[in-house]
Structures are given as structure tokens and as C-alpha cells.
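Quick notes on the structure that follows.
Every number here is computed from the coordinates shown, using simple stated rules; none is lab data. Note that the structure is predicted; figures quoted are calculated from it, not measured. With ideal geometry, Cβ positions are generated from the backbone for all residues, glycine too; neighbour counts draw on all protein chains shown.
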Amino acid sequence: MSTEKIPYKIYLSEDELPKQWYNVRADMKKKPAPLLNPATGRPVTADELKAVFCDELVKQELDETNAYIGIPDEILSFYKMYRPAPLVRAYCLEKALETPAKIYYKFEGNNTSGSHKLNSAIAQAYYAKKQGLKGVTTETGAGQWGTALSMACSYFGLDCNVYMVKVSYEQKPFRREVMRTYGASVTPSPSNTTQVGRKILEEFPDTNGSLGCAISEAVEAATSKEGYRYVLGSVLSQVLLHQTVIGLECKTAMDKYGIKPDMIIGCAGGGSNLGGLIAPFMGEKLRGEADYRFIAVEPASCPSLTRGVYAYDFCDTGKVCPLQKMYTLGSGFMPSPSHAGGLRYHGMSAILSELYDQGLMEARAVEQTQVFEAAQRFARVEGILPAPESSHAIKVAIDEALRCKETGEEKTILFGLTGTGYFDMYAYAAYNDGKMSDYIPTDEEIAKSTAKLPKV
Ligand SMILES: *Cc1c(COP(=O)(O)O)cnc(C)c1O
């Protein structure tokens, strides 16, 4: 172990950056269950997926055997513009908490989109371009994914059509304008540009829109236009694969200084950022080379891992995507309007769900007022104003550091700081004004929703 003082920020040099993504499925003895075609109830084929998704991404989605997948040079050059993401030793937070624990965080907010989502957006845009497509369509709720995708598309000269949940379109005009600045077209959903949108508008003219509806519109737009495909910002295994750059950089940086984390903590929405952060460490655990604790943190308002069921479900409320076996609250589950928009997803990555089911990962649900308390505490000593989603990980990292203070253990904690919170100031205002509330669904509400899971 190096006795050298660990720098505040550990940056890697260009040639230390990962050149391959790591596919953790290759090291899993029991793999995630296959995606099913809802129409046939049979495993979805590559050809079926290719009608909706880009060819190369379909290949990555279905690949369970190749442990390493080369990152194309064009993507590596783009990564170099904003990566490596710094791995920061939270000396000031440790001091404030008076903990013997050593705390590190990997900060993914150092790009204009403000989150880790750009890591996958650029890969998906690249493969769409390489396939000779004209453009891609997607949905966005809070706006982080749409922002990242619009940046990636403008880089490769691709058309980008974003269906943005109407209420966010109206309430988050700045996200919308960032997307338009990068050349994306942003349509409030439901809209009259698609059949499904027109149908919903006819029935519910005053609807605020929903993510499920926006997905349905984006899929219809992609499949009804020549040269377009649909892309998704989390949940799918291909997205988790691209996000492994986060964990691979961490691993290289920590190995360089002889640091071994005892526990790795991350927030989990669809699970791609956490999956990407833990992947190389999980690989070591799966191969029996090392042991780590992994903790997924989710909002108590949308507790898919801690209170959901492990079953096949639709990935979207619109029921147009394949069925995936995952921890889910049911695709019709309507989480209360919490301020961590990026974590309001009813299901979870199939990879993380399987790892959790095998007991290789833990999960914890936290309430949003506690999350904002942790966010404020972190911001005041570490400087960065964290995204509400990321602050879920901060909350549990602080809890664990305080436990070390009680026991006197010098544990090493690594957590993922997925992004910044500059577009979430209404949420911070609610917290600062003491107007934030916690909503936890009842067992009955969850049971009602999971009772409607598709029968397979
Ligand atoms: C989208 C988002 C998340 C959720 O990420 P998943 O990979 O879907 O779990 C977390 N933090 C921020 C800042 C996000 O934008």
C-alpha cells in the first residue's frame, strides 16, 4: 500500500483511460433472464429488436459472453473531451463527519448535460450514425437524457427528436432550450404528431403527459419514419455496458494508489450508472478474486428493489418495449412526484436485478427530505451542488461513514456522484422553505400495481 498522501482528485492520463467496455454478464454464472417478445412470449430475436433499435446496439444487448467490447476510436475521442471524470477524496466531508472512514466519490457532472448519461448517449449516437441512419427518437422526463442525447447527436450530425413529458416541457424550459441549442427538436408529449399521441389527446385533452406515453410516441416516431431508430437512456444492458467507463476509471485510479474500497454505493433509477460503477469490482467478486459490498440506493417513493417483485414486466408504461425480468413495481405504478425525476422508474436493470436476487448486492430506500439534508451537507463542505438523484448515494455514504465513527472502523467508501443539480433549484427551494414532503406508497398500492403484471 502506497504511503503517499492520496491527492484530492485522482485524474488518469489519456493512455490510462479504458479502451474497452466491460460486460459483466460474461462473468455471471447465472445470467439475467432473456428479454421476451410480448406478442409471442418467446425470447426476442435480434431481427425483432432491429426494427426498433440500432443493429450494433442489438448485438451488445444480446451479448452475454464477450467480457470486453472495444470502444470505437470516435467514441474514445469524444470521451477525451470530458473524461476522465475525477475520483475525489472527500477529505472535507470526512472531517466534517469526524469519521475514520475514507470517502471517495466519482464525479460525472463535468459536462454540459450535467450527468453520466452522456457516456451512453455518445455511444448510441455513434452506432446510429455508423449504420447510416438519419436520426434517433427518444423520450425524456426530467430532461437529463434528452440533453445528453442532443449533445451526442449534434456531434455526429444526426437528427434528434425528443418527446418530453408535457409537464416537464412547461416546468423545465431551460433543459428544453439546452436541447434546442444542440439542434434537437423537442415535442411536448402527448402531441398530435403521432397516432398514439392523438388518441391520448382525444381522450384526455388536459393531460400532463407521462413517461410511458412519451416512450410510446418516440417508438412510433422511430418505426414509422425511414432511417430512424429509438434509443433509451438507462435500464437496458447495452446502456449499463457503456456506463462501465465509470467503474473502469475508478478501478484503474484506485489500483494506482493501492486503494481498495470496502463498499461501493450508488443511486439506482434504471440502474445503468450504478451497474457501470460497480461492474469491474463485481467482476472480481464473481470470479472470486476480491470481495466488496455493493449498495443500491433508491427513493422510498419508488422502491423497486426493496419492495418490488422479481418478475417479467414491460419496460415502459406504453407496453411497446420487450418484456424484461426485473425487480418491478409494475409498469402501471405511478410514483408520487418526487424531486429525483431520474429515479422515478418502476423497474430496474435486468443485470442488477439478477445480481441483487443472487444476494451479491444490497439495496436501501431513503426518503427525500433526508436526501436533501445530505445534499446540503455535502454541498457546504465539498463545494459541488449535487443532483437530487446523486444525493441518494450521498445520504447512504454519510450513514455508512457515521457508522464507522461509532465502531471506529476505517472503512473505505466509494460512491457515484452522478451529476449536478443546477436544473433542480425548485426542489432545493422546496427543501429550503421546509415544504418538502415524503411520500411512501402503501403495501396495498404496490400490490394493486404488481397484480397487473403480464402473465408469462
Ligand atoms: C438519470 C440520472 C440518474 C439515474 O441513473 P440510472 O442509470 O437510470 O440509474 C442518476 N443521477 C442523475 C444525475 C441522472 O440524471
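What to note about this one:
- In sequence order, calculated HN-Hα J values of region 75-80 (Karplus, 6.51, -1.76, 1.60; Hz; x Gly/Pro): 6, 4, 5, 5, 3, 5
- Per residue Cα convex hull volume in Å³ - calculated over region 307-456: 143
- Annotation: amide H-H contacts under 5 Å for residue 140 (H modelled 1.01 Å from N, sequence separation of 5 or more, or interchain): 163, 164, 165.
- Short to long, the 20 Å bins of the Cα pair-distance histogram for the chain hold 26, 61, 12, 0 percent of all pairs.
- Tail weight of P(r) past 21 Å, computed on alpha-carbon pairs of region 111-259, percent: 44
- Beyond 24 Å in Cα-Cα separation lie the following of the pairs 5/117; 29/251; 19/106; 59/225; 256/285; 50/452: 5/117; 50/452.
- Taking the square roots of 5 times each eigenvalue of the Cα gyration tensor of region 81-133, largest first, gives ellipsoid semi-axes of 36, 9, 8 Å.
- Ranked by the mean number of other Cβ atoms within 10 Å of their residues, highest first, the peptides 5-12, 260-267, 212-219, 79-86 come out as 212-219, 260-267, 79-86, 5-12.
- Of all DSSP beta bridges confined to the chain, the antiparallel ones make up roughly 35%.
- Under a model in which nothing but the beta-carbon of Lys, Arg (+1) and Asp, Glu (-1) is charged, region 204-313 shows a dipole of about 320 debye around its Cα centre.
- Quotient of C-alpha Rg and 2.2 N^0.38 Å, computed over region 166-233: 1.12
- Each 5 Å bin from zero up to the one holding the largest Cα-Cα distance in region 260-347 carries the following percent of pairs: 3, 15, 20, 21, 18, 12, 7, 3, 1.
- Tail fraction, Cα-Cα pairs, region 387-456, threshold 22 Å, whole percent: 54
- Extending 7 Å from Cα along the Cβ direction at residue 47 and again at residue 193 yields two label points whose distance is 3.2 nm.
- Too-long pairs where the Cα-Cα distance tops 19 Å, listed order kept, from 172/395; 30/325; 9/260: 172/395
- Distant-in-sequence amide contacts of residue 363, defined by a placed amide H-H separation under 5 Å and a gap of 5 or more residues or a different chain, comprise 296.
- Each principal axis of region 28-68 carries a Cα extent, and these read 29, 22, 9 Å when sorted largest first.
- Calculated from backbone phi, Karplus (6.51, -1.76, 1.60) coupling profile of region 336-343 in Hz, x at Gly/Pro: 5, x, 7, 8, 9, x, x, 10
- Dividing the summed -39500 (n - 2.57) terms of all DSSP H runs of n ≥ 4 by the residue count of the chain sets its mean residue ellipticity at 222 nm at -12500 deg cm²/dmol.
- Neighbour-limited loop hits for trypsin sites (Lys or Arg not before Pro), region 267-346 (at most 15 other Cβ within 10 Å; DSSP other than H, G, I, E, B): 287
- Ordering 40, 341, 327 by the projection of their Cα atoms onto the charge dipole of the chain, which places +1 on the Cβ of Lys and Arg and -1 on the Cβ of Asp and Glu, puts 40 at the extreme positive end.
- 3J(HN,Hα) along region 158-175, derived from phi through the Karplus expression 6.51 cos²θ - 1.76 cosθ + 1.60 where θ = phi - 60°, amounts to 9, 6, 10, 10, 10, 8, 10, 3, 3, 5, 6, 4, 7, 8, 10, x, 6, 4 Hz, with x in place of Gly and Pro.
- Dipole of the chain, positive direction: furthest Cα of 299, 23, 13, with charges on the beta-carbon: 13
- In a DSSP loop and with at most 15 other Cβ atoms within 10 Å, the GluC sites (Glu not before Pro) in region 1-69 are 4, 64.
- Extension gain (nm, one decimal) between residue 381 and residue 287, 0.36 nm per residue minus Cα-Cα: 30.0 nm
- Based on the Stokes-Einstein relation at 4 °C and a viscosity of 1.567 mPa s, and on the Kirkwood radius from alpha carbon pairs, region 337-411 is assigned a translational diffusion coefficient of 92 µm²/s.
- Placed amide H near residue 104: partners under 5 Å, 5+ positions off or other chain: 90, 413, 414, 415
- Across region 1-127, Cα-Cα pairs more than 22 Å apart make up 56 percent of the total.
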